[in-house]
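The values are calculated or read from the model by the stated rules, or taken from the named source; none is laboratory data. Because the structure is a prediction, the values reported are computed rather than measured. Counting neighbours? That spans all protein chains shown, and the Cβs are built from the backbone with ideal geometry, glycine included.
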Amino acid sequence: MTNTVKDFWEAKVYFLSLLVAILSGAWPYLKLVLMMMSWLFPAKLLPIQRRESMLIAIDALGKWSLVDTFIMVMFQIAFHFKLEMPVPVSVPGQPDVNDTLAVELRVQSDWGFTGFMIATMLSLFMSHVIVGAHRTAIADPSPQTQTTEKIAVAGHVYTAKSGHQVKVTVWGKTLFTLLLAFTVALVAYGMSIDSFSFNFFGLVGYALEYQPPSAVGPSTNYSIISLGEDIRPASPHPDSFITYYILVTYFIFGVGVPLLHLIFVLLLWFVKMTKEMQKGMLVATEVLNAWSGLDVLVLALIASIIEIKSFVKFMVGDKCDAINAILVKYMDKPLDGHDVCFDVDAELRPGIVFLFTAVLVHAIVANIAMSACRAVVRDREETDALGGVAKGPMYADKPRCSTRLGAALGLVRYD
């Protein structure tokens, strides 16, 4: 980790250096300190409501420690190529034969990198445990009533202190359900469409143009899914535990969990459930949100694309100066002015618009639905605790601005 940050800084790719230093360097330790405070500090020093807000934030933001994992995957794919060239071999007294000269570049991940990934996942797991312990500690052990009524988040009726009842209209339920379904489709499409490309230039790029179609070409388009599919082919040890661990982690955080999270949010929104079932689904949805790393992957992707060219120049340094001088003199035209032995650049494709939009819509829509579900669970628990209608402090005497706006749009109604 320290060497990565140092190399990025010396290469003058400051954005990547700060990104890894803050999110994968400082944040994991700060998160552990905050978790320890939440575990040890009494309510007098850390009020219950503040502790809950802090734990929910820690749980949701822990995944950002994996930004260097996704940057590593990007570079592992970007720097991989293989050249095979026929070479005539002459042996005195024997007929001339053609042999093959193969040159291949791969990036290897070692146990230190894998160990950090495992530690990050353990940290995520511990944050779930502490959130669960906090909610168990503040739960009412003997509520006056124990309702078994089945209610969907979309169908819940909130009661304010003033007696106003707030509920989502049929139009609001339909619109938000369609929006959730659209978000699922948009995320799936954004993952599958080509959104960026890696391009080789210089002598290596020129040689790659003459490789077989099945080989890595001078320019390759990638989607989130196809990038993951190339993790094994780009690894020096494609069948090792480390390679499979990176592959599985990539697809869990970057592909599988984001889609599963949205499906759970959709179920929470419109399926009628008992209070206990709703609480369980909320916990599962929060866990999936904590492990949903598509937003982290997109940030790593954009940062890598911005900085990769400068980092390549730093890595090559002056090692190719003698070759570059020959290329300038004799191969300027065939190389289209890229008179270097090796260069890599990255380019955003039009599909990045769909991917970025999917991440943004996912974050907004899912957080609205999860906040609503938390409010419903609190409301139902307070109703059971009081043995009647809940009128907790979270419901103001007058409808909030957001409620009045929703009413003006016909999404909610208050009586």
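Table for the structure above
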quantity	calculated
The stretch 208-224, residues that are surrounded by 17 or more Cβ atoms within 10 Å (Cβ to Cβ) and among the hydrophobic types (A, V, I, L, M, F, W, C)	Leu208, Val216, Ile224
Residue count for the stretch 253-274, restricted to those that are under 13 Å from the mean Cα position of the chain (by Cα) and either in contact (Cβ under 8 Å) with a residue 40 or more places away in the chain or surrounded by fewer than 19 Cβ atoms within 10 Å (Cβ to Cβ) (or both)	7
Near pairs, Cβ below 8 angstrom, 6+ apart or cross-chain, from the stretch 75-92 (within 18 Å of Ala300 (Cα to Cα)) to any residue that is modelled with pLDDT of 85 or more and polar (S, T, N, Q)	Phe75/Ser304; Gln76/Ser235; Ala78/Ser304
Restricting the stretch 38-63 to residues that are free of Cβ contacts under 8 Å to residues at least 12 places away in the same chain and part of a helix (DSSP H, G or I), the residue that is nearest to the chain's Cα centre (by Cα)	Ala57
Residue check for Tyr250: surrounded by fewer than 16 Cβ atoms within 10 Å (Cβ to Cβ), touching a Ser or Thr at 6+ places or on another chain (Cβ under 9 Å), modelled with pLDDT of 90 or more and not acidic (Asp, Glu)	no
Residue count for the stretch 144-188, restricted to those that are among the aromatic types (Phe, Trp, Tyr), at pLDDT 85 or above and buried (at least 16 other Cβ atoms within 10 Å of the Cβ)	1
Output for the stretch 6-20, where each listed residue is in contact with an Asp or Glu (Cβ under 9 Å, 6 or more places away or on another chain) and assigned to a helix (DSSP H, G or I)	Phe8, Tyr14, Phe15, Leu16, Ser17, Leu19, Val20
Selection count, the stretch 325-337, where residues are surrounded by fewer than 18 Cβ atoms within 10 Å (Cβ to Cβ) and either among the aliphatic types (A, V, I, L, M) or touching a Gly at 6+ places or on another chain (Cβ under 7 Å) (or both)	4
Search result, residues across the stretch 282-323 that are more than 30 Å from Val131 (Cβ to Cβ) and among the charged types (D, E, K, R)	Glu307, Lys309, Lys313, Asp318, Lys319, Asp321
Test for Asp379: is it touching a strand residue (DSSP E or B) at 6+ places or on another chain (Cβ under 7 Å), part of a helix (DSSP H, G or I) and touching a residue at least 12 places away in the same chain (Cβ under 8 Å)	yes
Residue in the stretch 195-215 that is closer than 17 Å to Thr357 by Cα and either modelled with pLDDT of 90 or more or in a helix (DSSP H, G or I) (or both) present	yes
Among (1) surrounded by fewer than 20 Cβ atoms within 10 Å (Cβ to Cβ); (2) in a helix (DSSP H, G or I) - the single one Leu23 does not satisfy	(1)
Hits in the stretch 164-215 - residues which are charged (D, E, K, R) and in contact (Cβ under 8 Å) with a residue 40 or more places away in the chain	Lys167, Lys173, Asp194
